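What follows is a single structure, written as structure tokens, with notes after it.
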Amino acid sequence: MTGLQDRLTPEQVEEFGRELDALRQRIVDDLGQEDVDYIHDIIKTQRGLEVAGRALLFAGFFPPAWLAGVGALSLAKILDNMEIGHNVMHGQYDWTRDPALSSQRFEWDTVAPAENWRHSHNYIHHTYTNIVDKDRDVGYGILRMDTAQKWHPYYLGNPVYATLLAIFFQWGVMLHDLEVENVVKGSRSWADNVPVLRRIVRKASRQIGKDYVLFPLLTGPLAPLTFLGNATANLTRNLWAFAIIFCGHFPADVESFTEEETESESRGQWYLRQILGSANITGGPLFHILSGNLSHQIEHHLFPDIPARRYPQIAGEVREICEKYGLPYHTGPLRKQLWSVAKKIVKLALPAPQSPATVEPDRQLRAA
């Protein structure tokens, strides 16, 4: 690894890795009933909100009831997506041996099939975090989010594509697994996509049937209002998930890497890449829960299989370790991170050539 070697000496990297390994092991050894009770409470809350939201939409002719129903359903979908689905499917509760909390069995309330997502997210993204041309979450195959991505006139639409991705985020995540850009390049065939596509059609059909056919029909003459309420709840969840995820990965100070500099990386070097390639979002306890604790993206990238409720507990210690080794710990309020991401999306839409001496802060790939 060339650029990353400038950060720490080989001895420091290994000691850094041992400290984070020890922190992880301490949390793993402490897992117990409190963690189980927490996720069960979140699931009960999510189900209660969904039932309340669906019920209130039966009184959708009364505007306050419709608004309350949409609000409850939106929160239910956010909790299901962020704090429950994302975290359970990471294997954060596999140690409980509870089938309902099994990462391999869980299915979430979104059009993206869990099996597809586990491959593209758990394996590809978390293995190759912020490695350009390896981590497909860098731009999602749609956006230019790094100066290492060669500019093309297509990217003039960067802000438009980002807006559409935010609005239809669950659909973007669903289509992400088709790797269309790799099909275009010839590194993947359409035949490779047959099983992926089958899962997509099956899951999307169920979701469309539930949200836009079954539940609207159940409310009889209020079907159009119920349809609109479900669409609004899905939109709210999409916008929220997009904002949290992009603010954890693409603010200006977050770094990206080349395949060459990450070859044969050690555990300590892998940890180092996770910290340099992530950013946190500050906020209160409720904000962290609604974000699935992905507001602690640094801790999540370091320890993706540890229950996310533990991230706030260890964030201070992770930050101290970073300070000890002179490493940045990127964090800030949601408005600051969102603005930084928005500026990057607009800036990278333009064909601004840059020399190695003037490379922007998010692309610090120094030669050894």
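Rule-based calculations on the coordinates, nothing more; no lab input. Keep in mind that what you see is a predicted model, and the values were worked out from it rather than measured. For neighbour counting, all protein chains shown are included, and Cβ atoms are generated from backbone atoms with ideal geometry for every residue, glycine included.
Measure nothing but the geometry: give the 0 to 90° angle between the long axis through the Cα atoms of 158-167 and the longest principal axis through the Cα atoms of the chain, rounded to 10°.
40 degrees
How far is helix 334-347 tilted off the main Cα axis of the chain, in degrees rounded to 10, range 0 to 90?
That helix lies at roughly 70 degrees to the long axis.
What ranking do LYS77, LYS344, LYS324 get, fewest neighbouring Cβ atoms within 10 angstrom at the top?
Final ranking by Cβ density, sparse to dense: LYS324, LYS344, LYS77.
Please give the helix 194-209 orientation as an angle from the longest Cα principal axis of the chain, in degrees from 0 to 90, rounded to the nearest 10.
That helix lies at roughly 40 degrees to the long axis.
Among LEU225, PHE303, GLN269, whose Cα sits farthest toward the positive end of the charge dipole of region 201-327 (+1 at Cβ of Lys/Arg, -1 at Cβ of Asp/Glu, about the Cα centre)?
The residue sitting most towards the positive pole is LEU225.
Projecting each Cα onto the charge dipole of the chain (Lys/Arg +1, Asp/Glu -1 at the beta carbon, about the Cα centre), which of PRO153, ILE321, HIS90 comes out farthest on the positive side?
Looking along the dipole axis, the top candidate is PRO153.
If the limit is 29 Å between Cα atoms, which of LYS77/LYS150; LYS185/LYS344; LYS77/LYS347; LYS210/LYS343; LYS77/LYS324 go over it?
Pairs exceeding 29 Å: LYS77/LYS150; LYS77/LYS347; LYS210/LYS343; LYS77/LYS324.
Might you report the magnitude of the Cβ-based charge dipole of the chain about its Cα centre, with Lys and Arg at +1 and Asp and Glu at -1, to the nearest 20 debye?
1420 debye
Karplus couplings for region 295-305 from phi (6.51 cos²θ - 1.76 cosθ + 1.60, θ = phi - 60°), rounded to Hz, Gly and Pro as x?
Each residue's phi maps through the Karplus curve to give 5, 9, 5, 4, 5, 5, 5, 6, 10, x, 9 Hz.
Tell me, what ³J(HN,Hα) does each residue in region 130-145 have, in order and in whole Hz, if you take phi through Karplus 6.51 cos²θ - 1.76 cosθ + 1.60 with θ = phi - 60° and put x for Gly and Pro?
So the J values, rounded to whole Hz, are 6, 8, 4, 6, 10, 7, 6, 6, 6, x, 6, x, 10, 9, 9, 10.
Can you list residues whose amide H is under 5 Å from THR331's amide H, if they're 5+ apart or on another chain and H is modeled 1.01 Å from N?
Correct list: ASN280.
Taking neighbour counts of Cβ atoms within 10 Å as a proxy for exposure, in what order, fewest first, do PHE61, PHE303 appear?
By the 10 Å Cβ count, ascending, the order reads PHE61, PHE303.
Over region 88-151, what is the relative contact order in percent, taking alpha-carbon pairs closer than 8 angstrom and at least six residues apart?
RCO, region 88-151: 18 percent.
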